[in-house]
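The block underneath contains the structure these notes are about, expressed in structure tokens.
The values are calculated or read from the model by the stated rules, or taken from the named source; none is laboratory data. Predicted, not measured: the structure shown is a model, and the values here were computed from it. Virtual Cβ from ideal backbone geometry, glycine too; neighbours counted across all protein chains shown.
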């Protein structure tokens, strides 16, 4: 074959054919280049866009784990509610977009067809509420209050209700077993915020718009464990949103259960007795102010001395955490957080701080010994002590003569500690400290763990305050402008104070050191700090991080992650000093300031140790402090504006011990009545299927038996418990109804 | 000239029927252009796979039979192949004599589209519904008759040796021949086909050796005509929107820009090797419209990747490259013009079709030769292949 044309082909045609050929090839080359650009260079971007195009996620919520008490009784769990939902994807497949089905559904549910259709439509800028603002691939809840009968109707005639499901769904419930509401320790859930949704969007466990997140207490502390993992099913959809395949499916993993060291029975006693003590205090006349004590708030901690585990923790005023379930109403929210609410959300056991008064004295005692003073003394317990013309009186101006430090603790002699602290202050250089100032009294307080968190497994613990030189300096810096502006020499008392503070508020003055020695002045502690310290004195000197959580149990029960007691230090004293202080504190309970409250206590069987405190607060009534311990437990109670330590808190603490050990007022021990004569060491029994045994009598008591058994639990309580149960903050009828009658009935019918 | 001898080509006839003779030196089989044939078959088969992938889930189209379109595409290919054999059998020179009849029939058919027998599919009023699920798109055949008709007129006196180039009168005649069906198609309106036909006319005139004045005159007229069409409002709104969307793809991505956007996402997401046949999410999700016909290239882009889509371009390139060779090597101007017309047709239609899926051309309803589903188009391109083969086979006619 030849390439040369045999005709007399003119070059014009031949050239034009070559032009055509070049043109054609360049067109193809253009396509090839463009193809390369789209597929190779920009390919990843387009692939991403394509996957965004066709993959839709459906998230199924995980059931939140329960919070159990030490015996396995649920204190926060879930109740089942019947939720009827409609799947838009299915409805849109129907000719009338599912209108007929929704109308029929409305009939069954006793709702208006219009309302149901409106609930199922998607929200957009033009659509007013009600409308669905979640994912259109998510089943849209029509009602969460379906009756079992309605659910059965829908389920049995599934062919009449395509795309409609009626399924039980878990909703948080704070069961308050035996009326122990444990509100502040449990905390609460509130809906997830937009910010959190965005943040968790691309993680393994994205939030649903309907998700609840732990905001406080255990719910927040153990939120991650409790929440579990939401199930995510990724569907491939076509351009009309029809599902054409399932790309990936991760089943929802229910959250783990958290076993706590709380014993709901003891908790109930603690709550009840605290409330009772505050009520009683309000009947007492405060001779200083001429009015009855206000007893505005209080807290009590029952802790295992040898482990730091919290057996009970109550804060008053309290509230019903069920108010948060299903979204808190504006009215409830104001009631819980408003100005006049007295802030029942605060857990005063860890968030309430006040001057400790005399319960602080174990710290200057140890500090004095560490500074070189002998425990035995003797030290002069005069009725007053003056520093620079200022007279500091002993409590009730009583003198005891020369006594040991132990005796000073027993009788709570202030002047002994005034003198020691003042001497130390002088030795350190007074207002202008030496370079090598020992600051023993302050150093020791820090070593006791004051001025910082105890590390309890609850969020937002406060630190309290040790008013040492450094703090003085910092505080003065922050406030001097205000002080100097307000202060006036020879003005009102407040103005005079401000004036003095302005001048030398950055200095640790003699008066400060004197006040500090008895836990007054600027000293602040929390009840949990006191419990930790007294627990350490009881257990031989180990400061444990208090814990509420005891173990995290996986939903299948196979993995049990125990939360072991952890220490954050030792008490800064020798065993010798420790046992001397221990002896002195036993003396407080037997012959000192608390003896009158422990009349008839079986001291030989259960050695009781105590310290009372009555802290003065400027402009307020005195704070009652009562710190006690036995071999196994520490009980600390405080009542703000409640009166004296032993006076206001004494009876309540005694009754808590009575309940723990089964002691009656006359000192007889009835082991059968004892709630917890020894700390609960073992975890509740976990069944093979992961369920956790809980004592039946506690979990399902009929209301009347419940009261009866409670009477049995508190034999020492002279009052009728039934009459005194209601707490002003917990009387929410709606919630009570919700968590008792309805769910139980439903569960039975449905499953 | 021995054109009358067209049938007794060596290697083709009843006297030599054995297989060896078929492939003997200078035999028909030896002289067939195999690269074109193989490329055309390969393109049709790739097309079958792509059409299957695009339609297997589309129950609303395939009447529940996932193989509905696959079978039909293969059937169309088979018929097309038979038409090619028939065309080679008859030979392009014989067809030359039949041009008046073919021209008459095709003009009649396009006129028929304008009657109530015509049907509108995808916005183009370009179809005649035959019944039984079959429909005909006469404009596809008009492309062939325009090529053959113009070639007949333009080459007549040159091949006879009278003149080196067609004179003005002949060019005018041939243009008149082309303008009639083009105007009818414009009235449908099937703008895509009109564009192809105008390009065909341009290619034919180029290859005929007509004076440059005609070439530039035609390009000028085309431009003026395009402006006139735009200004006179002959275009439907959807056609204007297509141009608007081409000019600015981000314009209304849910509306007019949707097709091109989704097409580009489909192709872009394919990457080097693609998702694999039947696994493309854009395809299975039916995000790209008309995926078995006009947008079939997106299936290749997504599921076969750069490798597969590039192969399609390569195969088209082979067809065009060989066609150019045939055009250059044939001894008669008639064959050259026919081949050039086919080149212009295939090249422009492929460029427009692939170009619109890649976002470098405005959207127009044109099938990708061999690959897109559609009987009329398939038949027409295979007849064109037959013409090319015939030109090649009959080249050394004076030997």
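Among all positions in the stretch B:364-377, there is at least one residue which is surrounded by 23 or more Cβ atoms within 10 Å (Cβ to Cβ) and in a helix (DSSP H, G or I). Taking the criterion of being under 30 Å from residue A:473 (Cα atoms), without any contact (Cβ under 8 Å) to a residue 24 or more places away in the chain and assigned to a helix (DSSP H, G or I), the only residue of the stretch A:385-425 that qualifies is A:423.
Of the residues making up the stretch B:353-363, those that are within 10 Å of chain A (Cβ to nearest Cβ) and surrounded by fewer than 23 Cβ atoms within 10 Å (Cβ to Cβ) are B:355, B:359, B:360, B:361.
Table: residues versus (1) out of contact with any strand residue (DSSP E or B) (no Cβ under 8 Å at 6 or more places or on another chain); (2) outside the structural domain of residue A:457 (by TED's automatic domain parsing); (3) under 22 Å from residue A:251 (Cα atoms); (4) at pLDDT 80 or above.
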{"residue": "A:188", "(1), (2), (3), (4)": "no, yes, no, yes"}
{"residue": "A:194", "(1), (2), (3), (4)": "yes, yes, no, no"}
{"residue": "A:201", "(1), (2), (3), (4)": "yes, yes, yes, no"}
{"residue": "A:216", "(1), (2), (3), (4)": "yes, yes, no, yes"}
{"residue": "A:228", "(1), (2), (3), (4)": "no, yes, yes, yes"}
{"residue": "A:232", "(1), (2), (3), (4)": "no, yes, yes, no"}
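Take the stretch A:433-446 and flag every residue that is surrounded by fewer than 20 Cβ atoms within 10 Å (Cβ to Cβ) and either free of Cβ contacts under 8 Å to residues at least 40 places away in the same chain or in a helix (DSSP H, G or I) (or both). Passing the criteria: A:434, A:435, A:436, A:437, A:443, A:446. All of A:530, A:573 fail the test of being within 26 Å of the chain's Cα centre (by Cα), over 26 Å from residue A:432 (Cα atoms) and in contact (Cβ under 8 Å) with a residue 24 or more places away in the chain, apart from A:530. Of all residues in the stretch A:669-712, those being under 22 Å from residue A:302 (Cα atoms) and at pLDDT 80 or above number 16. For the stretch A:713-722, the criterion of being modelled with pLDDT of 50 or more and crowded, with 18+ Cβ neighbours inside 10 Å is met by no residue. What do you reckon, is residue B:343 part of a helix (DSSP H, G or I), under 26 Å from residue B:99 (Cα atoms), in contact (Cβ under 8 Å) with a residue 24 or more places away in the chain and within 10 Å of another protein chain (Cβ to nearest Cβ)? Yes; evaluated as a whole, the condition is true for this residue. From the list A:11, A:74, A:61, the one residue that fits, being modelled with pLDDT under 85, more than 7 Å from chain B (Cβ to nearest Cβ) and in contact with a strand residue (DSSP E or B) (Cβ under 9 Å, 6 or more places away or on another chain), is A:61. Here the stretch B:188-213 is the region considered, the condition is being part of a loop (DSSP other than H, G, I, E, B) and buried (at least 23 other Cβ atoms within 10 Å of the Cβ), and the residue that is nearest to the other protein chains (Cβ to nearest Cβ) is B:209. Tell me, yes or no, whether the stretch B:381-396 has at least one residue that is surrounded by fewer than 24 Cβ atoms within 10 Å (Cβ to Cβ) and closer than 22 Å to residue B:52 by Cβ. No, the stretch B:381-396 has no match at all.
Residue-wise test of (1) within 7 Å of chain B (Cβ to nearest Cβ); (2) over 26 Å from residue B:336 (Cβ atoms); (3) part of a helix (DSSP H, G or I); (4) modelled with pLDDT of 85 or more.
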position	(1), (2), (3), (4)
A:3	yes, no, no, no
A:18	no, no, yes, yes
A:22	no, no, yes, yes
A:27	yes, no, yes, yes
A:34	yes, yes, yes, yes
A:37	no, yes, yes, yes
A:47	yes, yes, yes, no
A:53	yes, yes, yes, no
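If I filter the stretch B:159-167 for residues that are in contact (Cβ under 8 Å) with a residue 60 or more places away in the chain and crowded, with 24+ Cβ neighbours inside 10 Å, do I get at least one hit? Taking every residue of the stretch B:159-167 in turn, none turns out to be in contact (Cβ under 8 Å) with a residue 60 or more places away in the chain and crowded, with 24+ Cβ neighbours inside 10 Å.
Any idea which residue in the stretch B:321-333 is farthest from the other protein chains (Cβ to nearest Cβ), counting only those that are surrounded by fewer than 24 Cβ atoms within 10 Å (Cβ to Cβ) and part of a helix (DSSP H, G or I)? For the stretch B:321-333, the residue satisfying everything is B:322.
Here the helices (runs of 4 or more DSSP H) wholly within the stretch B:217-298 that include at least 2 residues being closer than 21 Å to residue B:53 by Cβ, modelled with pLDDT of 75 or more and within 14 Å of chain A (Cβ to nearest Cβ) are B:258-270.
For the residues B:316, B:311, B:388, the requirement of being in a helix (DSSP H, G or I) and at the interface with another protein chain (Cβ under 10 Å from one of its Cβ atoms) singles out B:316. Restrict the check to the stretch A:260-274 and report whether at least one residue is surrounded by 24 or more Cβ atoms within 10 Å (Cβ to Cβ), outside the structural domain of residue A:224 (by TED's automatic domain parsing), in a loop (DSSP other than H, G, I, E, B) and in contact with a strand residue (DSSP E or B) (Cβ under 6 Å, 6 or more places away or on another chain). Within the stretch A:260-274 (the criterion being surrounded by 24 or more Cβ atoms within 10 Å (Cβ to Cβ), outside the structural domain of residue A:224 (by TED's automatic domain parsing), in a loop (DSSP other than H, G, I, E, B) and in contact with a strand residue (DSSP E or B) (Cβ under 6 Å, 6 or more places away or on another chain)), the answer is yes, since at least one residue qualifies.
Filtering A:91, A:111, A:82 for residues that are in the same structural domain as residue A:249 (by TED's automatic domain parsing), in contact (Cβ under 8 Å) with a residue 24 or more places away in the chain and assigned to a helix (DSSP H, G or I) leaves a single hit, A:91. Evaluating residue A:557 against the criteria (1) under 28 Å from residue A:315 (Cα atoms); (2) surrounded by fewer than 18 Cβ atoms within 10 Å (Cβ to Cβ) leaves one unmet condition, (1).
Can you give me the number of residues within the stretch A:610-633 that are in a strand (DSSP E or B) and closer than 20 Å to residue A:524 by Cβ? Write out each step before concluding.
Taking the stretch A:610-633 as the starting set, the residues that turn out to be in a strand (DSSP E or B) are A:610-615, A:623-629, A:633.
Retained after the next criterion (residues that are closer than 20 Å to residue A:524 by Cβ): A:611-615, A:623-627.
So the count comes out to 10.
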